[in-house]
Amino acid sequence: MVLECDKVRIDKWLWAVRIFKTRTLSASICKDGKVKCNGKKLKPSHLLIGGETLTVRKNGFDMVYKVDKCIDRRVSFVLAQDCYTDLTPPEELSKYDDWFIGKARPEHREKGLGRPTKKERREIDDFKDGFLNEEDGGF
């Protein structure tokens, strides 16, 4: 059961709809100026009303939420999803994927094979040297 309010503090709402784990964390994010409405930084005491669009900087991402319901008590994740609409563009959520493409990943060896033998190690080294020298122009 969700109890709706006319107005609610922004830090309390961010905590209640489970965008942040604690109310202290949501208040400190507001104090740092990472919560905006129409380009204006909001204080933790800002009274939020339904229909406002918020931009929240969280973990390096600029999340965009539209407030559908104002609640002041923390509810389950399923009920919290009814209180806002996530308007975050997909390119914002995938902005770090481009950075990781082409980066070396740790080598994977099937479970139970153990360490490579001396012969396998030499083959791996020869393969890596040939691959790296081709990329560098053969030097």
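The values are calculated or read from the model by the stated rules, or taken from the named source; none is laboratory data. In this text, all values refer to a predicted model and were calculated from it rather than measured experimentally. With ideal geometry, Cβ positions are generated from the backbone for all residues, glycine too; neighbour counts draw on all protein chains shown. Ligands, DNA and RNA are excluded from the accessible area calculation, which covers all protein heavy atoms including side chains. Shrake-Rupley method; radii C 1.70, N 1.55, O 1.52, S 1.80 Å.
Which ones in region 36-79 are touching a Gly at 6+ places or on another chain (Cβ under 8 Å) and small (Gly, Ala, Ser)?
Answer for region 36-79, where residues must be touching a Gly at 6+ places or on another chain (Cβ under 8 Å) and small (Gly, Ala, Ser): there is none.
Just checking, how many residues over region 37-85 are in a strand (DSSP E or B) and either without any contact (Cβ under 8 Å) to a residue 12 or more places away in the chain or open to solvent by 60 Å² or more (accessible area, probe 1.4 Å) (or both)? Spell out how you get there, then give the answer.
Of all residues in region 37-85, those in a strand (DSSP E or B) come to 37, 40-41, 47-48, 53-58, 61-67, 71, 84-85.
Those still in the list that are either without any contact (Cβ under 8 Å) to a residue 12 or more places away in the chain or open to solvent by 60 Å² or more (accessible area, probe 1.4 Å) (or both) too: 40-41, 47, 57-58, 66.
Qualifying residue count, region 37-85: 6.
Output the number of residues of region 37-57 satisfying the condition of being among the basic types (Lys, Arg) and either more than 19 Å from Lys21 (Cα to Cα) or modelled with pLDDT under 90 (or both).
Applying the first criterion (among the basic types (Lys, Arg)) to region 37-57 yields 40-41, 43, 57.
Among the residues that remain, those that are also either more than 19 Å from Lys21 (Cα to Cα) or modelled with pLDDT under 90 (or both) are: 40-41.
Residues in region 37-57 being among the basic types (Lys, Arg) and either more than 19 Å from Lys21 (Cα to Cα) or modelled with pLDDT under 90 (or both): 2 in total.
Step by step: first the residues of region 104-123, then only those that are at pLDDT below 85 and open to solvent by less than 100 Å² (accessible area, probe 1.4 Å), then the one that is farthest from Asp62 (Cα to Cα). Which residue is that?
Per the criteria, the residue is Gly112.
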